[in-house]
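Below is one structure, written out as structure tokens; comments come after it.
The values are calculated or read from the model by the stated rules, or taken from the named source; none is laboratory data. It should be emphasised that the depicted structure is a prediction, and the values quoted were computed from it without experimental measurement. For neighbour counting, all protein chains shown are included, and Cβ atoms are generated from backbone atoms with ideal geometry for every residue, glycine included.
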Amino acid sequence: MRYLLWLLKAAIFFTLFAFALNNQHDATVYFFFGTSWRAPLVLVVLAAFAGGMVVGALGMLPGWWRHRRAAAQQSALTPPPAGAPTASPAAPPGPAVEPMIPRQHGL
């Protein structure tokens, strides 16, 4: 299975490498106010892909923060289970017990 995965990765790499070699012609991207950028087509495609990833991640950040804050508030409000032993300084620490947090959509 490991060799099949490496073979798949190599096939994807060589396909993308061939794409880059076949698209070395200059492309011109025109911006506002008469400015432009001339670069090989493969760099233009790579820049558009990277820009899309950055915009997508920045668009998801407020939702991530909101879910993290809601989970932290929920865990702070949840009382310990009944009959749970209290920690004493002389007792060695036991295994960590995760609080029962109801799963929210997307977490």
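Any residue at all in the range 56-76 that's on the phi > 0 side of the Ramachandran plot, modelled with pLDDT of 85 or more and part of a helix (DSSP H, G or I)? Break it down into steps so the answer makes sense when it comes.
So in the range 56-76, the residues on the phi > 0 side of the Ramachandran plot come out as none.
No, because not a single residue in the range 56-76 is on the phi > 0 side of the Ramachandran plot, modelled with pLDDT of 85 or more and part of a helix (DSSP H, G or I).
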Name the pairs whose Cβ atoms lie under 8 Å apart, with the first residue in the range 46-59 and over 20 Å from GLN24 (Cα atoms), the second modelled with pLDDT under 95, and 6 or more positions between them or separate chains?
none
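Mind counting the residues in the range 16-48 that are part of a helix (DSSP H, G or I) and either surrounded by 10 or more Cβ atoms within 10 Å (Cβ to Cβ) or among the basic types (Lys, Arg) (or both)? It would help to see each step written out before you state the result.
To start, the set of residues in the range 16-48 that are part of a helix (DSSP H, G or I) comprises 16-22, 32-34, 41-48.
Subsequent filtering for residues that are either surrounded by 10 or more Cβ atoms within 10 Å (Cβ to Cβ) or among the basic types (Lys, Arg) (or both) retains 16-20, 22, 41-48.
Number of matching residues: 14.
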